[in-house]
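Comments concern the structure below.
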Ligand SMILES: Cc1cc2nc3c(=O)[nH]c(=O)nc-3n(C[C@H](O)[C@H](O)[C@H](O)COP(=O)(O)O)c2cc1C
Ligand code: FES
């Protein structure tokens, strides 16, 4: 009997995204975790799966006017506006430092044209420090073109195909929840060569100052993150998992192992944690410990055994799936 | 100002004392010798909410002595309300110390300006300057007398204390910055912490007086550690002031957004472009 007892430490929580193997299923959300260095004093980075860097663009960007943040019930709105030094400066001054991080570093690329994405992706993916690329085609906080890519199946396909042609490294495509049919976008991204999908980016929202009679954010609108969007994200993962075969990195309001399990059971192979780090930087390590305990209790040896196990379809398929309804 | 805090970490601290200083004003002391050892005047911490249900709260380190550090805050919303319910013996997660802090120089005459809860970030610099032998005068403003918490403490620490109240119930009736503007004594440096309108007024008074001013800014934070670029303020673009950002000629702008939590929270008034 003793042999049948699985200790939590023996449990395999690793995940594979395309060619990329990660020892832990926890990615730190783009734009929430700097380049990892900012959190190094507080977190043992060797125990997280990967840091997804803040999105970088072809040209430098000042970012949006202030204020950029508003705390809202069970979450927050942000409108950073992709502040970054531009790819050339980034390659010259920042990327070399990433080699010293004790965890995998995934680059994030944003752009305003198919050409932008291909250009920036090629340059960044060529660097050894960068192990995979996430295409942020879903930033809600830049002049409308930014998010348009993730809102149109053809544009999504064009961007992914162009980026795919520049690198063999794992390509993760980050999808927007601000669409009518996320499954059709996911299918196009897969067909165009994506190795994995990040689901979801933030949900568009706004808050108004009733004393000043003005929107609270400098950018007027922002992206909502945190527990407030979790049910939206779980459904998106559930729908996308039915539409594609490539792995999904589920995200949106994950704070506990219980939250993470919802995503795995809906069909995500890995998870990403953003806003919860702002509450407590210990969250990512705690989630992995608790996931292991959960699996050990059920006699399971690998996290991947539970992926999609709650994905039982829809009560009324025509309401959700495909174009037939 | 140097960017420090490689020694910052997460402290799992036991609350040693809790005092209500005035209605809605709470002081929490906690045992955190490692934090005290590396805290600088003007450092702040992010306090993890016990419920885990909201973002951590950025608060100035009020006292730091021996094993004990403390925070002093006004209950203004859900998050500070939750912190105000913490009692002695409970544990809190404290991330820090964070931010660059005030520069303590060799000035002989120092004016410290505090508005409301801004008082929480100026005890340590006041003590540091008093230790150098400087004359330190505190200009302290609040809505009403009972909210001028800890004013005796500053006098006890060797500061001269001048107060202002919005309702005129004590000291100068009106803004603390008009008290500063009327001063008979031109300081060598001004340090200030308080609401943004007060800091703007301090900057303008300081500029009229031709006195350099260090301002500890208040912004909405998410991460508090430099990871999200949410807390920014526009400053003049020199590469020294804005690391990891292209200098003006590459960026096409003489202004860049610097992170209040990382490049700040203390900025020289003359570098701000707000
Ligand atoms: C302050 C902030 C900045 C963000 N910046 C980016 C970004 O630059 N690129 C990107 O792809 N996603 C960005 N995101 C989205 C997150 O990576 C994540 O997908 C989203 O917040 C949902 O997860 P969460 O609820 O765990 O934060 C940002 C989110 C926040 C809160
Ligand atoms: S609050 Fe995140 S960078 Fe300052």
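Of all residues in segment A:41-54, which are touching a residue at least 24 places away in the same chain (Cβ under 8 Å), within 11 Å of another protein chain (Cβ to nearest Cβ) and either more than 20 Å from residue A:282 (Cα to Cα) or over 20 Å from the mean Cα position of the chain (by Cα) (or both)? Spell out the reasoning first.
Residues of segment A:41-54 that are touching a residue at least 24 places away in the same chain (Cβ under 8 Å), as a first pass: A:42-54.
Pick out the ones that are also within 11 Å of another protein chain (Cβ to nearest Cβ) and you get A:42-43, A:51, A:53-54.
Across segment A:41-54, the qualifying residues are A:42, A:54.
Assess whether residue B:47 counts as being modelled with pLDDT of 95 or more, surrounded by fewer than 22 Cβ atoms within 10 Å (Cβ to Cβ) and either within 12 Å of chain A (Cβ to nearest Cβ) or closer than 14 Å to residue B:86 by Cα (or both).
In short, no.
Inside segment A:79-124, can you point out the residues that are farther than 19 Å from residue A:167 by Cβ, within 10 Å of chain B (Cβ to nearest Cβ) and assigned to a helix (DSSP H, G or I)?
Residues satisfying the conditions are A:89, A:92, A:93, A:97.
Can you tell me which condition residue A:19 does not meet? The list is (1) over 16 Å from residue A:275 (Cα atoms); (2) modelled with pLDDT of 95 or more; (3) within 14 Å of ligand 1 (Cβ to nearest atom); (4) in contact with a strand residue (DSSP E or B) (Cβ under 7 Å, 6 or more places away or on another chain), and all the others hold.
Residue A:19 satisfies all of (1) over 16 Å from residue A:275 (Cα atoms); (2) modelled with pLDDT of 95 or more; (3) within 14 Å of ligand 1 (Cβ to nearest atom); (4) in contact with a strand residue (DSSP E or B) (Cβ under 7 Å, 6 or more places away or on another chain) except (3).
In the list A:217, A:224, which residue meets the criterion of being within 24 Å of residue A:77 (Cβ to Cβ), crowded, with 24+ Cβ neighbours inside 10 Å and within 16 Å of ligand 2 (Cβ to nearest atom)?
It is A:217.
Can you give me the ranges of the strands (runs of 3 or more DSSP E) entirely in segment B:128-235 with at least 1 residues that are surrounded by fewer than 22 Cβ atoms within 10 Å (Cβ to Cβ), away from chain A (no Cβ under 14 Å) and more than 16 Å from ligand 1 (Cβ to nearest atom)?
Per the criteria, B:135-142, B:160-165.
Looking only at segment A:36-68, which residues are in a loop (DSSP other than H, G, I, E, B), within 13 Å of ligand 2 (Cβ to nearest atom) and either buried (at least 22 other Cβ atoms within 10 Å of the Cβ) or at positive phi (or both)?
A:54, A:63, A:68
Select from segment A:25-43 the residues that are within 17 Å of residue A:290 (Cα to Cα) and modelled with pLDDT of 95 or more and write down the one among them that is farthest from ligand 1 (Cβ to nearest atom).
Filtering first and then ranking leaves A:25.
For residue B:106, work out the one condition from (1) away from chain A (no Cβ under 14 Å); (2) in a loop (DSSP other than H, G, I, E, B); (3) within 23 Å of residue A:280 (Cβ to Cβ) it doesn't fulfil.
Of the numbered conditions (1) away from chain A (no Cβ under 14 Å); (2) in a loop (DSSP other than H, G, I, E, B); (3) within 23 Å of residue A:280 (Cβ to Cβ), the odd one out for residue B:106 is (3).
If you take the residues in segment A:272-286 that are more than 7 Å from chain B (Cβ to nearest Cβ) and within 13 Å of ligand 2 (Cβ to nearest atom), which one is farthest from residue B:46 (Cα to Cα)?
So the residue we want is A:274.
Checking residue A:179 against (1) closer than 20 Å to residue A:232 by Cβ; (2) within 16 Å of ligand 1 (Cβ to nearest atom); (3) at pLDDT 95 or above, which single condition isn't satisfied?
(3)
Would you pick out the residues in segment A:238-271 that are within 20 Å of residue A:134 (Cα to Cα), within 12 Å of ligand 1 (Cβ to nearest atom) and more than 14 Å from chain B (Cβ to nearest Cβ)?
Listed by number, the residues that qualify are A:249, A:250, A:251, A:252, A:263, A:271.
Among the residues of segment A:98-107, count how many are surrounded by fewer than 24 Cβ atoms within 10 Å (Cβ to Cβ), touching a residue at least 40 places away in the same chain (Cβ under 8 Å) and farther than 11 Å from residue A:45 by Cβ.
1
The values are calculated or read from the model by the stated rules, or taken from the named source; none is laboratory data. This is a predicted model, so every value here is computed, not measured. No Cβ is skipped: glycine too gets one built from the backbone with ideal geometry, and neighbour counts run over all protein chains shown.
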